[in-house]
Amino acid sequence: MSGPRELDRLTRRVRELRDGALALEAQHADALAAIPAERRPSARNLLHYLALRRHDIRGLQTDLAERGLSSLGRLESHVMAALEVVLSALERLDGREPAAPPAPPPIAFREGPRLLVERTAALLGPRPADRAVRVMVTMPSEAALDYALVRDLVASGMDVMRINCAHDDGAAWARMAAHARKASEEVGRSCRVLVDLAGPKLRTGPVAPGPGVCHWWPLRDDSGRLLARARVWLHDASAGAARPACISVPLGDGLIAAMQAGDELHFADARGRRRMLFVVEAGDGGWWAEADRNTYLASGVVVELRRTEQPVALGHLGELPPLEQALRLAVGDRLELTRDDVLGQPAELDADGKVVRPARIGCTLPEVFRNVRAGQRVFFDDGKLGGVIREVEVDRVWVEITQARSGKARLRGDRGINLPDTDLALPALSAKDLRDLDFAVAHADLVGLSFVRRPADVEQLQSEIARRGGGELGIVLKIETRRGFASLPRLLLTALRSPRAGVMVARGDLGVEVGFERLAEVQEEILWLCEAAHVPVIWATQVLETLSKKGMPSRAEVTDAAMSGRAECVMLNKGPHSVEAVRFLCDVLRRMQGHLDKKRATLRQLGVSRFA
């Protein structure tokens with residue numbers, strides 16, 4: 001139906017959307033006044049978009065599309081201009097002269113995309129010659145000493161170096177940044193430096209070390225047939241390990257001096273099983289031995305040296321380094337989370353295997369104990385283990401484990417803790433962050449603010465940067481908590497006070513906080529809101545993770561990498577195959593930019609269309 005009444009109804013509906021957008025802008029006049037004039041139009045456009053998205057306009061979109069008009073489906077960067085054009089078209093269809101708009105739109109149709117391109121270049125560096133999306137790479141510790149690695153990354157397509165302040169130190173970071181500058185000049189490609197402040201990351205405390213045990217196993221095929229023996233380095237316990245080896249065993253009582261090639265070492269392993277090592281060849285300061293059985297070897301074990309089946313010497317195994325211990329937890333178990341620095345301990349069991357004392361582990365930020373409440377959820381190690389807080393005491397919290405992969409999981413020290421239901425009263429910048437910010441102002445192009453939750457966090461960062469004279473330092477807000485996501489509109493309005501600002505979608509922690517089933521939806525909303533504010537987005541966490549670490553991507557990772565091209569920058573984590581990962585990602589981004597631009601499918605010529 002396209003009669004006058006229907007056109008009048010549609011006109012009134014679009015006009016209501018426009019007037020609502022203007023009303024929300026008026027309500028936030030004070031916030032707009034705090035934003036510099038050159039970025040205020042973007043803030044106004046963001047408010048207009050937020051006002052529009054308060055309504056469900058799917059029916060209206062269908063009605064407009066049926067009349068050959070814009071369905072308002074791609075208006076993020078120019079909301080008011082799109083509404084005014086549709087209003088004008090509806091009035092002309094109804095035979096009326098279009099009314100003049102109450103005020104000129106703050107952003108014209110082509111201006112929004114242009115602003116985003118300009119601000120992306122200002123924050124992340126000039127656009128590469130062959131693609132629009134930048135590539136960021138997290139630096140491993142080796143980057144401080146290995147200039148060739150950094151040069152190869154820049155030559156392969158790295159546009160931004162990410163220095164993670166949670167690792168290494170200022171001297172190492174300075175060498176990394178210097179390598180980036182040198183490589184940029186040598187290769188002839190821009191490479192910006194991002195210093196990522198660690199922020200108030202809540203992690204598990206250390207766990208008491210386990211016993212000194214080493215483990216080796218031979219290589220077998222699927223039928224269990226031996227393909228290769230395990231190789232073990234034997235050395236004198238009093239001299240220490242004379243050379244690095246995957247498996248290094250210290251021996252006492254002069255056993256090393258008594259050895260000859262062809263000898264055998266006989267012993268009972270940690271499980272009481274009879275095992276042996278075959279001595280095969282001398283090395284610098286020790287002997288190489290081989291084993292054909294799976295073995296767990298503990299410190300102090302009695303070892304017998306035999307030659308042609310006759311005993312030659314008797315000795316003991318030296319002290320093996322203690323293993324990093326893990327807490328074994330299952331659904332239904334209780335876990336004691338402590339606020340002190342006592343080492344974590346596994347659960348204590350009686351002779352019947354019943355729990356006498358639950359497992360316990362500390363946390364790195366004991367001040368959160370003031371904020372947690374019974375009934376709130378807690379997740380550990382990127383969501384691999386989840387529970388519910390049952391009791392809160394002055395110096396401990398009791399957690400009931402409610403979810404774990406396969407019903408059981410291991411929890412180690414230095415693993416992330418997420419409290420998605422808890423409003424944590426933590427400062428955005430710790431004392432360490434403030435010291436690291438000194439480094440960022442002196443050496444970096446942009447700085448990342450981790451675990452940002454509220455506008456005051458952004459204001460504090462802006463104030464500290466100004467106090468250090470780093471007014472042109474770009475800022476990146478890392479959205480990795482539920483509260484950070486919920487506050488994103490206000491965070492963006494505050495970030496627009498800075499000359500250069502961006503947003504990182506930190507999908508690891510964010511997925512745990514909002515639930516992995518909602519992550520795809522949430523990252524879409526972040527992309528839309530940032531496009532409305534003309535703020536560039538960095539798509540981060542686990543992009544091509546398997547390729548970076550193991551040399552071969554999964555199919556799901558390739559699809560994820562292809563979709564990441566809707567952001568302005570994609571971040572790769574460190575890994576032994578990071579150079580190959582950069583090349584692979586750049587190729588994917590080059591191919592996809594001919595098909596996809598934000599929410600819009602771009603219809604380039606398809607080779608497959610020439611099927612006849």
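Exposed loop positions in the chain were taken to be chymotrypsin sites (Phe, Trp or Tyr not before Pro) whose DSSP state is not H, G, I, E or B and which have at most 15 other beta-carbon atoms within 10 angstrom. Between these positions, the longest stretch is 110-610.
Here region 327-418 is assigned +1 on the Cβ of each Lys and Arg and -1 on the Cβ of each Asp and Glu. Its dipole about the Cα centre then comes out at about 360 debye.
Label-to-label distance, Leu145 versus Ala208, with points set 7 angstrom from Cα along the beta-carbon direction: 3.5 nm.
First select every other residue whose beta carbon is under 12 angstrom from the beta carbon of Ser141; then total the charges, Lys and Arg +1, Asp and Glu -1.
Details: positive: Arg175, Lys574; negative: Glu142, Asp146, Asp168, Asp169.
Computed value for this residue: -2.
Compute the distance from the alpha-carbon center of region 543-565 to that of region 333-410, in whole Å. Region 543-565 and region 333-410 have Cα centres spaced 34 Å from each other. Among the trypsin sites (Lys or Arg not before Pro) within region 355-405, those in coil by DSSP and having at most 16 neighbouring Cβ atoms inside 10 Å are Arg373, Lys384.
Using only side-chain charges placed at the Cβ, +1 for Lys and Arg and -1 for Asp and Glu, the dipole size of region 213-316 relative to its Cα centre rounds to 320 debye. The phi torsions of region 292-302, fed into the Karplus equation with coefficients 6.51, -1.76 and 1.60 and a -60° offset, translate into couplings of 10, 10, 5, 9, 10, 10, 10, 4, x, 5, 6 Hz, rounded to whole numbers, with Gly and Pro shown as x.
Quick check on the chain: take the gyration tensor over C-alpha atoms, sort the square-rooted eigenvalues as a ≥ b ≥ c, and tell me if it's rounded (a/c under 1.5), prolate or oblate. Numbers along the way, then the final one.
Working: a/c = 2.33, a/b = 2.02, b/c = 1.15.
It is prolate, given that a/c is not under 1.5 and a/b is the larger ratio.
Using just its DSSP H runs of length 4 or more, each adding -39500 (n - 2.57), the chain gives a mean residue ellipticity at 222 nm of -10500 deg cm²/dmol after division by all residues.
Placing +1 on the Cβ of every Lys and Arg and -1 on the Cβ of every Asp and Glu, with no other charges, gives region 388-494 a dipole of roughly 440 debye about its Cα centre.
For region 213-316, the share of alpha carbon pairs falling in successive 10 Å distance bins from zero is 15, 51, 29, 4, 0 percent. Where in the chain are the DSSP H helices whose C-alpha atoms run 15 Å or more along the long axis and whose mean Kyte hydropathy is at least -1.0? TM-like helix candidates: 4-27, 40-52, 79-93, 111-124, 170-187, 431-443, 455-467, 516-532, 578-592.
What pairs in Lys384/Lys432; Lys201/Lys598; Lys550/Lys598; Lys354/Lys384 have C-alpha atoms more than 27 Å from each other? Listed pairs above 27 Å: Lys384/Lys432; Lys201/Lys598; Lys550/Lys598.
How would region 4-109 be classified by its alpha-carbon gyration tensor: rounded, prolate or oblate, with rounded meaning a/c under 1.5 and the a/b versus b/c comparison settling the rest? Judged from the Cα gyration tensor, region 4-109 comes out prolate (a/c at least 1.5, a/b above b/c).
For region 303-403, which GluC sites (Glu not before Pro) are in a loop by DSSP, counting at most 15 other Cβ atoms within 10 Å? Mind showing how you got there, number by number?
Values: sites: Glu304, Glu309, Glu319, Glu324, Glu336, Glu348, Glu367, Glu391, Glu393, Glu400; in loops: Glu309, Glu319, Glu324, Glu393.
Sites meeting the loop and neighbour criteria: Glu309, Glu319, Glu324, Glu393.
Projecting the Cα atoms of Pro358, Ile479, Gly68 onto the charge dipole of the chain (Cβ charges, centred on the Cα centre) puts Gly68 farthest toward the positive pole. If R0 is 41 Å, the Cβ-Cβ spacing of Glu367 and Lys549 corresponds to a FRET efficiency of close to 0.75. In loop segments of region 459-495 as defined by DSSP, the trypsin sites (Lys or Arg not before Pro) with at most 15 further C-beta atoms inside 10 Å of their C-beta are Arg468.
All of the numbers you see were taken from the coordinates with simple rules; none came from a lab. Since we're looking at a predicted model, the values are computed, not measured. Cβ atoms come from the backbone with ideal geometry, glycine included; neighbour counts cover every protein chain shown.
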